[in-house]
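S.K.: Before anything else, here's the structure in question.
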Amino acid sequence: MQTMTYSMQGGVDVNIPKEASEIIERLTAAGFEAYAVGGCVRDALMGRTPKDIDVATNALPVQIKNVFSDCVINTKGEKYGCISVKTPMGRTVEITTFRSEGDYADHRHPRLVHFVQTIEEDLARRDFTINALAYNEQRGLVDIFGGERDIRDRRIACIGDADARFGEDALRMLRALRFASELDFEIDSSVEKSIHKNHDLISFVPRETLHNEMERIMRGTGAKRLFEQFRDII
């Protein structure tokens, strides 16, 4: 995958996938704000090749479709603000309108989403600090929850209260274990305590999703350590 490298203050280089850079440039040229977000930025900061490419923008879904009307798009996630765009290089980029989320119906899905105006509001809805990162060439790294620090410290920490995050979406507990295993990170003590406390909620995770997450956990570098640490879960 081709990447675009930008130098930031402090000497940090962020190798954003070329596809993300082109999507951001196109949205910016149309008068919108746009950022590479989440795992895409996390992996770039770690020097890893991002597996998924996600862009967040203040453009509404209908505006995203207009900007990329010449591309192959998928609107399956439109009610949640997400439009998938297939780039000329054949990669799929998920473009999502800045949003916040309402109450969760089943410990898995928000009842509704609200489109918001700023990237900071969008980052606040995310699960872990290492995923609450955004980047574009104009602003550089947007990191309001200490995600870059937690990457350096190799730590999985929730945004806000862990019990609240896991009560909203039980899958986040398995994601915490998966990230810890794949990245060989430590799980913050407050997160560890909350996972043990709330592990019964994992019953709300669909079996196929559960199976996929468990496979990835067990293939990770930190699997053996996590098996001992979270025997009641695994």
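The values are calculated or read from the model by the stated rules, or taken from the named source; none is laboratory data. As the structure is a prediction and not an experimental result, all values here were calculated from the model. Here the Cβ positions follow ideal geometry from the backbone for every residue, glycine too, while neighbour counts run over all protein chains shown. All accessible areas refer to the heavy atoms of the entire protein, side chains included, with ligands and DNA or RNA removed. Shrake-Rupley method; radii C 1.70, N 1.55, O 1.52, S 1.80 Å.
S.K.: I'd like the Karplus ³J(HN,Hα) series for region 115-125: coefficients 6.51, -1.76, 1.60, θ = phi - 60°, whole numbers in Hz, and an x wherever there's a Gly or Pro.
M.R.: With coefficients 6.51, -1.76 and 1.60, one gets 6, 10, 9, 10, 5, 4, 5, 5, 5, 5, 8 Hz.
S.K.: At 222 nm, what value in deg cm²/dmol follows for the chain if DSSP H runs of at least 4 each add -39500 (n - 2.57) and the sum is divided by all its residues, to the nearest 500?
M.R.: Counting only the DSSP helices, I get -10500 deg cm²/dmol.
S.K.: Moving to a separate point now. Distance cut-off 28 Å, Cα to Cα: go down the list LYS51/LYS76; LYS51/LYS79; LYS193/LYS224; LYS51/LYS193; LYS51/LYS224; LYS18/LYS65 and report the pairs above it.
M.R.: Over 28 Å apart, Cα to Cα: LYS51/LYS193.
S.K.: Moving on to the next point. Within region 152-234, what whole-number % of the accessible surface is contributed by carbon and sulfur, with the 1.4 Å probe and all protein chains included in the calculation?
M.R.: After summing per-atom areas, the C and S share lands at 47 percent.
S.K.: Another one. Ordering THR92, THR221, THR87 from largest to smallest accessible area (1.4 angstrom probe), what's the sequence?
M.R.: Order by accessible area, largest first: THR221, THR92, THR87.
S.K.: Still on this structure: Output needed for the chain: three equivalent-ellipsoid semi-axes, defined as square roots of 5 times the C-alpha gyration tensor eigenvalues, in descending order, whole Å.
M.R.: 29, 21, 16
S.K.: May I pose another question? Solvent-accessible area per residue for region 30-133 at a 1.4 Å probe radius, Å²?
M.R.: 45
S.K.: Would you kindly derive the ³J(HN,Hα) couplings of region 214-228 from the backbone phi angles with the Karplus curve 6.51 cos²θ - 1.76 cosθ + 1.60 (θ = phi - 60°), listing them in order in whole Hz, with x for Gly and Pro?
M.R.: Result, rounded to whole Hz: 4, 4, 5, 4, 6, 8, x, 4, x, 4, 4, 4, 5, 4, 6.
S.K.: At R0 = 25 Å, how high is the FRET efficiency between ILE73 and LEU210 if r is their beta carbon distance? Nearest 0.05 is fine.
M.R.: Once the sixth-power term is evaluated, E becomes 0.25.
S.K.: State the antiparallel share, in %, of DSSP beta bridges confined to region 95-189, rounding to the nearest 5.
M.R.: The antiparallel fraction comes to roughly 80 percent.
S.K.: Cross-link candidates for LYS86: which aspartates and glutamates have Cα within less than 18 Å, leaving aside residues fewer than 8 places away along the same chain?
M.R.: Reachable aspartates and glutamates: GLU19, GLU22, GLU25, ASP52, ASP54, ASP70, GLU78, GLU94.
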